[in-house]
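Every number here is computed from the coordinates shown, using simple stated rules; none is lab data. The structure displayed is predicted, hence computed values, not measured ones. Note: ideal-geometry Cβ built from the backbone for every residue, glycine included; neighbour counts use all protein chains shown.
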Amino acid sequence: MRELAGWLMAPCRHSRLWRLVVSARLDRHGPVWIDCPERWPQDHLLGIAYYSNLLAERKRRARDLALQLEQKLSRTPTDDELNGLFQKGWARRDFHVVRSGAKELRTGGNVFTDEHLVVTACAVGLFTGNDTVVLTRDRGVFDQFAKLTSLLTMHYQGMRFAEAYAAYRSSFEITPMPIGNPDIDAFFVAENSFLVRKPVALEQFVDWLLPHESVPVGLHCILLGGEADSFSLDHCFLEAERDMDRIIRMKGRTRGWNTDRIRGRNCHATGFPRGIPNPRHFVAVVQDREIYLPDGTLAFPKLDIAHTVFHDEVLSAPVTTGTE
């Protein structure tokens, strides 16, 4: 709303925009959505805060590494030194996000604006059931959108499986979580965790997991590049389920978990750490090791953080940033 204040105070600056904004304020179900806290239920607000903070983790880590390098050198690192640091520590596709994010955090720029933009856009689409398109020339926005849709998909699968398991526990086969494995112990309290075998063949699992009545919502991000004579376009797209709105609410209601159905345990359907045998055949029901925001409002499972920081790498290194 701060960005729109000038237009509202002086509508003659752009009369068409002024009419759209005023209409949006009066009609909560119109085509224009003004993002302000009173429009959202509390669980949604906390869920949006959860994913915005989670996406910001790569930027925080880049800032911390830059500060460590500065202390080691006893001077401000050059751009080339920082670029080398970030190229060594992250995959190539992360480079723009971590480089720009580290600078934003150190200089007090528009910190986490990209994260809030993509999370809010997806949340609005799922909440209203309307297809949503983010148009941008910022590679960082595009990359964070791609990461968010991946996280939402993984967490939604965990929520759906937890609901099926909680409803029909006796029909599932349970296997103990391996004990004494440091890679597993970095993410879970193994003694209070277990594995549940998927009840159908692997190629049938996603269809089994999804709602029988599909209500698709298109979530799009389009990255525009170049000028008229060399125009380029990249498109990231998720055909989401409208039901995925519930995972945002779930994250808010539980302050960070995928489910509230399994007696104080979380549920992860994919992306496990090293050490779990035949991981594709199981779902993990676990006591997560977590990292908390300083104010204690949200808890981030270390596995969620690892999925945000890394991509397809095998998860074995412990996640240590933050307060446990």
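Annotations
- Scanning residues 5 or more positions from Asp131 or on other chains, those with amide H under 5 Å from its amide H are Gly218, with H placed 1.01 Å from N in the peptide plane.
- This ranking places Thr153, Thr78 by how few other beta-carbon atoms lie within 10 Å of each, fewest first, which gives Thr78, Thr153.
- Cut-off 12 Å between beta-carbons: net charge of the residues surrounding Pro178, Lys and Arg +1, Asp and Glu -1: -2
- Cross-link pairs beyond the 20 Å C-alpha cut-off, checked among Lys59/Lys302; Lys198/Lys251; Lys88/Lys302; Lys147/Lys251: Lys198/Lys251; Lys88/Lys302
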